[in-house]
1. Exactly which trypsin sites (Lys or Arg not before Pro) in the range A:2-54 are in a DSSP loop and have at most 11 other Cβ atoms within 10 Å?
2. Roughly how many Å² is the accessible area per residue of the protein assembly as shown, as a whole number, for a 1.4 Å probe?
3. Taking square-rooted eigenvalues a ≥ b ≥ c of the alpha carbon gyration tensor, is the range A:11-91 rounded, prolate or oblate, where a/c under 1.5 means rounded and, failing that, a/b exceeding b/c means prolate?
4. Tell me whether the range B:210-341 comes out rounded, prolate or oblate; compute the Cα gyration tensor, take square roots of the eigenvalues as a ≥ b ≥ c, and use a/c under 1.5 as the rounded threshold.
5. Would you kindly calculate the mean projected area, averaged across all directions, of the convex hull enclosing the Cα atoms of the range B:346-414, in square nanometres?
6. Applying the Karplus parametrisation 6.51 cos²θ - 1.76 cosθ + 1.60 with θ = phi - 60° to the phi angles of the range B:236-248, what ³J(HN,Hα) value in whole Hz is obtained for each residue in order, glycine and proline being reported as x?
7. Cα convex hull of chain A: mean projected area in nm², to one decimal?
8. Suppose only helical runs count, i.e. DSSP H with n ≥ 4. What mean residue ellipticity at 222 nm does that imply for chain A under -39500 (n - 2.57) per run, divided by all residues and rounded to the nearest 500 deg cm²/dmol?
Amino acid sequence: MNNSEFAVRLTDVKKKYLMGKVEVEALKGVSLQIPIKKFNVIIGPSGSGKTTLLNLLGCIDIPSSGCVEVCGQDIARLSDKQASDFRAENIGFIFQNFNLIPVLSAYENVEYPLLLMKKPAKERRELTLKMLHDVGLSSHKHHRPNELSGGQRQRVAIARALVKGPKLVLADEPTANLDSKTGQSIIDLMYKMQAESHTTFIFSSHDKQVMEHAEKVFEIHDGLLMEERGK
Amino acid sequence: MKTLHIAFRNIFRNSRRSLMTILAITVSAVAVHLFGGYVANIVYGMQTNYVCDNGHLQVYQEGFFDYGAGNPAAYGISRYQDLIKLITQDPQLKDHITVATPILKFYGIAGNFKKDASKTFFGIGYVPSDLKKMRKWNDYNMKIRKSRLNRIVLSDDDIDGGIIGEGMARMLLLCEELNVKNCKGKLPEKSDQKPAATEDFSFLEESNGLNDIPESTDKRPRLDLLAATAAGAPNIVTMYVNNTEVQGVKALDDNYAAMHISLAQRLLYGKGEKKATGIVIQLRHTKDIPFVKARLEKLFDENRLNLEFKDYTQIVPMYRQVISFLFALFSFIATIMGVIVLFTIINTMTMSVMERVDEIGTIRALGLRRSGILGQFIAEGLLLGVLGATLGTVVSVIAVTGINSAGIMWTPPNYVDPVPLKIMVFLNPFLAPGCWLGLVLLAVASSIFPARKAGKMVIVDALRHV
Ligand SMILES: Nc1ncnc2c1ncn2[C@@H]1O[C@H](COP(=O)(O)OP(=O)(O)OP(=O)(O)O)[C@@H](O)[C@H]1O
Ligand SMILES: [Mg+2]
């Protein structure tokens with residue numbers, strides 16, 4: 001396989017944190033390749049290093065050692081400014097706590113990434129409305145986040161992550177703060193959106209239930225890759 | 001970008017805190033406006049006061065300013081009428097000048113022989129109608145009490161008339177005749193020896209036979225004025241006191257004798273050429289002083305005139321001192337207000353940053369650059385500043401209108417009569433815009449520090465912060 005068929009390539013990645021004087025190794029040498037245009041799941045118990053890993057893939061953190069390539073780009077070589085622009089262009093985030101901007105309406109939250117990319121107003125409008133329609137929130141576009149339910153908020157977040165057509169969408173336990181029924185509907189929505197957009201999805205969870213439809217599953221434990229399943 | 005839009009909404013997220021911040025800025029703006037307007041009132045009031053009586057510029061014979069007080073008559077400007085014509089008919093000057101008029105300043109001894117009282121005085125001779133015209137000057141629209149304009153001055157045809165200071169009238173024992181107040185003090189004991197000046201020196205009068213005129217029909221109190229003529233000989237004239245006029249400074253009030261210029265000239269020059277010690281020039285606008293000065297310089301040069309001129313700030317050094325004193329006070333107040341605004345905004349913005357750590361992490365993850373975060377928070381500081389400064393300007397206008405129409409009376413330094421208190425915020429064209437801009441810039445500057453803190457946040461840590 002050549003480079004372009006991997007969204008992400010990790011080579012012996014280690015990540016250490018300093019907690020006071022104690023060094024905590026969150027990733028202890030992970031090597032993996034995540035294929036493009038697939039729905040990938042990273043599974044592992046709490047504290048296993050999922051968030052740490054996703055932060056690296058999202059170019060908001062750099063490894064202590066090893067190499068992280070995202071879309072062919074060695075992220076350690078990017079300056080802060082370049083990394084920001086890289087994220088704006090290529091990466092969509094879906095957070096556990098939804099992390100919508102509270103002062104913006106659903107519509108404006110979805111539109112925000114397009115503003116960062118300096119897209120023209122007309123294009124922004126079209127894309128935003130389509131996205132809101134796709135996640136089933138056309139009627140709630142003027143609601144502020146605090147006027148939406150948890151599930152609705154996460155739908156807005158999904159629309160926000162996908163609106164710019166990123167190469168990579170990272171979802172760190174996006175259902176952890178939702179009841180199981182709503183969580184399932186969010187997972188279904190993500191599968192549907194991924195199938196339509198053919199975007200590379202990386203979804204982390206400690207819940208094995210979510211990986212039914214996953215095309216590829218990585219299981220990590222205690223900072224180490226234990227198992228890799230799927231094509 | 002929608003930076004300002006987002007900033008605006010963020011301000012109203014914690015509307016109480018933002019309101020307090022905006023009010024702090026507003027209060028500072030109002031304080032600066034009110035005090036600045038009050039200072040402007042004093043400064044422009046002093047200027048108006050002075051310019052009404054003494055003009056903007058005075059032209060003297062060279063050396064008069066430094067040595068003239070020793071022997072004013074020796075520094076007389078001869079053919080001063082021609083000089084006035086030269087100045088007022090100059091095509092470049094004539095539109096800038098409202099009045100150019102001769103004055104004659106000198107020292108002498110005044111005697112009230114009926115009561116055996118005499119004392120030295122400081123005399124000033126002027127053209128009554130010109131002074132009347134000068135006193136109408138009100139370029140800054142100051143509220144000047146009518147009484148000031150209507151104050152009885154001399155008239156041009158009353159060539160023997162004069163006005164003296166109240167203190168002077170008291171000491172010359174003219175209390176009853178001139179209705180002087182505060183005459184209750186104890187008089188000095190009469191000594192056996194007659195004071196020298198009470199000798200009748202009418203014989204000195206130079207004019208042919210003025211003395212022979214039978215006792216004048218004039219009912220006004222009479223003073224005999226004695227002075228040395230330009231030639232050095234003693235001379236004496238009779239002045240009839242019209243009324244008294246309180247002078248702001250006691251030393252002047254006790255010695256002041258104003259009179260028709262021709263009376264002063266008769267005393268100082270006798271039958272010789274009538275001169276003036278100065279030409280008072282009043283301009284339409286104070287700001288024309290540098291232009292007029294430059295033109296006068298040229299004019300005097302071309303005509304080989306040995307003349308010098310001084311503007312009112314040179315003649316009255318206190319004017320500049322008062323300005324710098326008030327400016328220091330103003331700066332002090334403005335600085336304190338500025339520091340309060342600075343701390344308030346730093347505090348507000350820091351709290352705002354701390355409350356929004358996860359939000360900062362989120363938008364950084366979405367791809368906003370550090371500079372974008374910086375811009376976002378500075379925009380909030382800017383908005384707080386703009387809202388506060390604008391509200392401050394509006395409140396100031398209301399407050400000033402209220403105060404000015406309340407009719408509060410006060411007596412500014414060096415004034416004689418109380419005048420209505422008028423806060424003149426907009427008289428100084430730089431005060432209100434300067435205050436507004438200063439506060440806005442200060443708000444921006446104060447938010448830089450918290451904004452940098454926000455910009456420097458580590459994204460991963462910010463996102464973990466819940
Ligand atoms: N900033 C940090 N400082 C110190 N230790 C950290 C830091 N971030 C993570 N860790 C440690 O690294 C390890 C992995 O953390 P991580 O958040 O990646 O786990 P996770 O798999 O996402 O867990 P969860 O399912 O609870 O979210 C944990 O032991 C955690 O305590
Ligand atoms: Mg996690």
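The values are calculated or read from the model by the stated rules, or taken from the named source; none is laboratory data. Just so we're clear, the structure is a prediction, and the values are computed from it rather than from any experiment. Quick reminder, even Gly has a Cβ in these numbers, built from the backbone with ideal geometry, and neighbours come from all protein chains shown. Accessible surface is based on the protein model in full, side chains and every heavy atom, while ligands, DNA and RNA are left aside. Shrake-Rupley method; radii C 1.70, N 1.55, O 1.52, S 1.80 Å.
1. Taking the range A:2-54 and a limit of 11 other Cβ atoms within 10 Å, the loop trypsin sites (Lys or Arg not before Pro) found are A:K21.
2. Per-residue accessible area for the protein assembly as shown comes out at 47 Å².
3. Oblate, because a/c is 1.5 or more while a/b does not exceed b/c.
4. Since a/c reaches 1.5 but b/c is at least a/b, the shape of the range B:210-341 is classed as oblate.
5. 7.8
6. Listing the rounded values in order: 9, 9, 10, 10, 9, 7, 5, 6, 9, 9, 5, 9, x Hz.
7. Details: hull surface 51.6 nm².
Mean projected area of the Cα convex hull: 12.9 nm².
8. -10000 deg cm²/dmol
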